[in-house]
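Take a look at the structure below.
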Amino acid sequence: MPSSGALLNAILTRERMEAFEPQCRKIAANLVQSFLERDEIEFIGEFAREFAAQIQCAFLGSPAEMCELLRLWTLKNQQATLVFLKSSTVSREDE
């Protein structure tokens, strides 16, 4: 069975990434455009997470509706990781 690295290397070839780059740039430009009328944004929450979800959906060919599910799944996983890390830290401090 091939390693996950080998599988990713087969999928994420230079040619595929170069072909996908214009789509990534368009997604980034659309997000930035949506912020132009505002005085400030929260970069991670409003740009980075949204950009990551949109390019993943675009790369996989998923419908736009799947982006919201991906965002929620990612957020829940990040929250679970933080809870786990905090509980691990507290346990170590108690020892």
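A short reminder: the numbers here are calculations on the coordinates, not readings from a lab. What you see is a predicted model, and the numbers here were worked out from it, not measured in a lab. Ideal geometry is used to build each Cβ from the backbone, glycine not excepted, and the neighbour counts take in all protein chains shown.
What the table below lists for this structure:
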| item | result |
| --- | --- |
| Mean Cβ neighbour count within 10 Å, used as a protection proxy, ranking 26-35, 80-89 highest first | 26-35, 80-89 |
| Contour minus Cα-Cα distance for Asp39 and Val83 (0.36 nm per residue) | 12.6 nm |
| Förster-model FRET efficiency, 35 Å R0, Lys76 and Glu18, C-beta, rounded to 0.05 | 0.60 |
| Order by protection proxy (mean Cβ within 10 Å, highest first), peptides 36-43, 64-71 | 64-71, 36-43 |
| Mean separation of Cα contacts under 8 Å (6+ apart) over length of the chain, as relative contact order % | 20 percent |
